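The values are calculated or read from the model by the stated rules, or taken from the named source; none is laboratory data. Just so you know, these numbers come straight off a predicted model, no measurement behind them. Glycine also receives a Cβ, built like all others from the backbone with ideal geometry; neighbour counts cover every protein chain displayed. These area figures cover heavy atoms from the full protein model, side chains too; ligands, DNA and RNA do not enter into them. Shrake-Rupley method; radii C 1.70, N 1.55, O 1.52, S 1.80 Å.
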Amino acid sequence: MADLGSISLLLALALASYSGVGSLLGTWRRSPQLQESALYATYITPLVLAVATASLVGAFVTKDFQVEYVFLHSNRAMDIQYIWVAFYAGNEGSLLYISFALAVMSALAIWRSPANVQDTLPFTTAVLMFVMAFFLAVTGFMANPFDKLPFVPLDGEGINPLLTHFGMFFHPPALMAGLIGLTLPFAFSMGSLLGGKTADEWVDAGRTWGIISWVLLAGGLLLGSWWAYTILGWGGFWFWDPVENAALMPWLGLTAFIHSIMVQKRRGMFRMWNVVLINAAFGLALYGMFMNRGGPVPSVHSFGASSLGWIFLIFLAVGVLVPLGVFFWRYPILKSAQNLDSMLSREAAFLANNLLLLGIAFVTLWGTVYPLLSRLAGEEEITIARPFYDQVNGPLFLGLLFLMGVGPLLPWRRANLASLRRSLLVPGAVALGLVLLLLAFGIRQPYGLLGFGLGALVATGIFMEWGRGTRSRHRSSGENYLVSFCHLIAANRPRYGGYIAHLAVVMVALGVVGTSFFNTQHDVVLAPGESTVVREYELRYLGTTEEFKGNRTEFRSTVEVYRDGKLRYTLTPVRAFYPSFNMAATRAAIRSTPIEDLYVVSSENLPDGRVGFRILVNPLIWWMWVAGPVVVLGTVVALWPQRSRAPVRIPARPPLERAPAQASGTVPA
Amino acid sequence: MVILAAAALVAVCIAIVVYPFVKSGSRSHVKPVNDRATTANSEVEAIFDAIRTLQLEHQLGNIVEGLYQEQLRAYRVKAASILRQQSESQPDLGAGYSEGVTTAGSDGARADSPADKCTSCNADLPNKFTPCSHCGAPATAPTSDSTEGTEP
């Protein structure tokens with residue numbers, strides 16, 4: 001099985017290399033056979049990698065511990081469902097997964113590429129295949145998941161306990177697919193530049209795959225935050241960890257890109273901006289992979305110390321310098337078709353959006369690399385902690401929230417100040433009213449008030465537009481309101497899908513503001529029978545049971561929760577110790593409602609029977625997790641194909657002939 | 001068994017990759033450059049998408065009447081210019097079209113009356129489905145389409 005996997009890996013590498021070289025040579029030599037052959041190689045690469053993937057999964061299922069990767073990441077006691085997680089738990093398996101994901105997405109993208117990018121598709125294919133060849137070469141020669149041990153162990157070491165969590169089924173695959181998926185819009189952009197195209201043919205394909213990568217990254221980041229919240233036991237969800245930042249930065253660049261590309265699509269503007277943005281996002285994704293695998297900075301997320309750092313650093317350098325060179329080479333032909341008509345326009349809002357997002361990405365990058373730079377300078381390593389990011393990025397995120405509220409109300413080209421004031425009147429009044437209400441309730445935190453107010457501004461603006469559009473359609477078509485609303489969204493999918501995604505961002509903002517500024521944390525040591533009070537909750541610790549479960553010892557503590565003197569529910573935080581890993585893992589007990597979470601985690605079991613608890617009340621964090629499915633829904637709506645509305649019909653005969661009444665064919669796009 | 005499976009896999013891959021060289025009449029990977037008509041169609045479609053979005057913005061109250069009319073006029077003139085260039089580059093079509101831009105679902109029925117007029121500038125039109133080549137006003141379309149746009 002492992003041998004078949006190894007051979008498949010090398011075969012995939014050969015196919016990817018052939019496809020990349022063949023695409024370029026076939027175009028240069030004008031050889032349709034070579035071009036078609038290269039195309040077929042692109043299409044069968046994912047099938048060959050599927051064989052490699054199945055071989056590794058098969059090795060896990062059959063518990064073939066002679067395969068070193070299987071030995072390091074599983075054991076006989078591991079539940080079968082964790083084979084999926086074990087597959088990408090280590091460097092080698094995750095590299096295979098990344099290669100497979102890229103192969104599948106590349107084949108799909110090339111197969112479904114629009115007609116107007118066919119001229120430059122060979123260059124796009126070459127970029128995709130060369131990136132894939134890199135990952136396959138590293139996997140095949142430096143981090144092969146099919147390497148064998150010289151003996152056959154009786155049992156494996158087991159999977160990292162931190163990975164045995166529901167979130168781990170989705171968080172790493174989504175994040176890795178999102179990071180590598182960035183290669184697709186990057187490849188379409190590079191293909192267009194290399195092919196010497198000056199217009200905007202690549203915009204549709206770039207936008208589609210940019211949004212797909214964006215939602216995968218967004219989902220991966222949210223799931224990772226949820227995992228950290230429930231399993232790491234500190235009660236938070238984002239630590240500004242270097243590897244967390246390394247995934248956030250390309251997402252920020254992609255967010256700017258998928259907005260800015262709309263300006264190029266509509267008005268032929270921001271051509272240079274979009275090339276720079278996608279190049280920056282791709283470079284940051286490579287940087288993220290370097291951080292995760294090179295191990296220059298320790299992190300709970302990284303794959304630990306690795307010898308792959310230098311190769312990823314070289315690839316990062318190539319991935320940044322070559323696109324930069326191509327950009328400067330094609331710079332003269334990247335002039336925008338039109339200029340900015342007014343600073344009070346949707347285009348200007350998108351420009352401000354680009355600047356804010358890049359600003360946040362730069363601040364995050366600076367905070368992430370500064371410890372490395374201080375170490376390289378021979379000085380004592382200086383770490384950048386959370387307060388730096390909160391203080392600098394916080395106001396920038398609030399600025400983004402403001403733009404989310406105002407931007408959609410601005411028309412293209414030029415807005416009138418009076419109409420903008422009129423459009424902002426109700427959302428502004430609702431925002432102000434909410435702030436005054438919160439002040440009346442004694443809430444004084446300025447950033448918190450600003451965050452809630454801006455969230456109300458955005459949400460009200462969106463709902464108002466939905467209401468006006470529905471009412472207008474109801475009046476003109478006579479449909480009932482529900483049908484009008486559905487048809488309104490169906491007829492404007494990119495627009496309203498974007499609004500649904502904006503609502504998801506407001507929900508995330510709600511959770512972040514609520515938890516960051518209004519949470520309560522209480523650390524206490526309790527003996528059985530003792531109680532403690534946190535806000536309106538009284539928590540009574542009853543006792544702890546100890547249970548041995550194969551590969552771990554579990555300590556289950558029982559805590560009763562009272563409110564207004566009445567028993568409401570019982571929580572059971574769990575702390576498990578894994579002797580083979582010499583580590584403890586926690587499972588917080590969380591009572592979650594849309595208003596707040598009551599979060600209880602046991603931190604320490606003392607010899608005298610007392611237990612250390614961390615108790616938190618986290619307001620509004622529930623909205624963060626619910627935002628995940630909402631952002632996916634918005635993306636699906638935005639990407640759902642919309643039928644062509646205005647096919648141009650070129651008549652089959654000269655117009656002076658009276659042709660009989662029959663439908664003539666449409667000109668294919 | 002593994003060696004057989006691997007050999008079969010390699011053989012299949014080689015066969016697929018080599019196939020275009022041995023079969024006759026391979027199609028080119030690179031399709032012909034879009035002809036001018038297709039490019040013009042795409043440009044016109046983009047302009048009418050922009051007009052629909054403009055109409056939606058106007059109905060939602062995000063743009064005042066004066067600016068709306070100004071931008072609408074500019075889009076229509078641009079569309080008319082592209083259509084005029086297209087008809088000039090294809091002289092076999094004659095002075096106009098018997099059918100032009102229309103919404104999906106319309107059939108190719110000939111014009112009800114040879115004396116159709118543009119609703120915007122009153123110029124003569126070959127039929128009611130053709131956009132006006134003088135001012136660029138779009139073809140007659142159902143009013144329900146006016147709430148449709150394509151992008152935020």
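Annotations
- In summary, the protein assembly as shown shows an alpha-carbon radius of gyration equal to 1.07 times the 2.2 N^0.38 Å reference for compact globular proteins.
- With every protein chain in place, the protein assembly as shown: carbon and sulfur % of accessible area (1.4 Å): 64 percent
- Between A:W240, A:P172, A:N274, the Cα set farthest toward the positive side of the dipole of region A:155-286 (charges on each charged residue's Cβ, about the Cα centre) is that of A:N274.
- Shielding by partners, peptide A:482-491 (average Cβ within 10 angstrom, other chains): 2
- Straight-line cross-link partners of A:K335 among the lysines, defined as a Cα under 21 Å from its Cα and at least 8 positions apart when in the same chain: A:K197, A:K265, B:K78.
- The mean number of partner chain beta-carbon atoms within 10 angstrom of a residue's beta-carbon across peptide A:493-501 is 2.
- Across peptide A:403-412, the mean count of Cβ atoms from other chains lying within 10 Å of each residue's own Cβ comes to 3.
- In Hz, Karplus ³J(HN,Hα) per residue of region A:78-86 (6.51, -1.76, 1.60; θ = phi - 60°; x = Gly, Pro): 5, 5, 5, 5, 7, 4, 4, 6, 4
- Axial C-alpha extent at least 20 Å, average Kyte-Doolittle at least 0.5 - helices from chain A (DSSP): A:2-28, A:32-61, A:91-111, A:121-141, A:203-231, A:271-294, A:309-330, A:346-376, A:386-406, A:417-440, A:493-518, A:622-639
- C-alpha center-to-center spacing [region A:78-148, region A:5-37] in angstrom: 15 Å
- Working note: 222 nm ellipticity from helices only, DSSP H runs with n ≥ 4, each -39,500 (n - 2.57), summed and divided by the residues of chain A, gives -20500 deg cm²/dmol to the nearest 500.
- A:L606-A:F441 FRET efficiency (beta carbon distance; Förster radius 51 Å; 0.05 resolution): 0.80
- Basic side chains Lys and Arg get +1 at the Cβ, acidic Asp and Glu get -1 at the Cβ, and with that the dipole of region A:96-232 about its Cα centre reaches some 100 debye.
- Where B meets A: accessible area buried, both sides, 1.4 Å probe, Å²: 6400 Å²
- Per-residue ³J(HN,Hα) for region B:77-89, Karplus 6.51 cos²θ - 1.76 cosθ + 1.60, θ = phi - 60°, Hz, x for Gly and Pro: 4, 5, 4, 4, 5, 5, 5, 5, 4, 5, 5, 5, 7
- Rg and Dmax over the alpha-carbon atoms of region A:1-106 stand at 16.6, 58 Å.
- Ordering of A:170-183, A:457-470, B:67-80, A:541-554 by packing is A:170-183, A:457-470, B:67-80, A:541-554, highest average first (other Cβ atoms within 10 Å, averaged per residue).
- Cβ-derived FRET efficiency at R0 25 Å, B:A7 paired with A:F151, nearest 0.05: 0.30
- Proximal lysines to A:K148, defined as alpha-carbon separation beneath 29 angstrom and excluding residues fewer than eight positions away on the same chain: A:K63
- The protection proxy used here, the mean number of other Cβ atoms lying within 10 Å of each residue, ranks peptides A:568-574, A:579-585 as follows, highest first: A:568-574, A:579-585.
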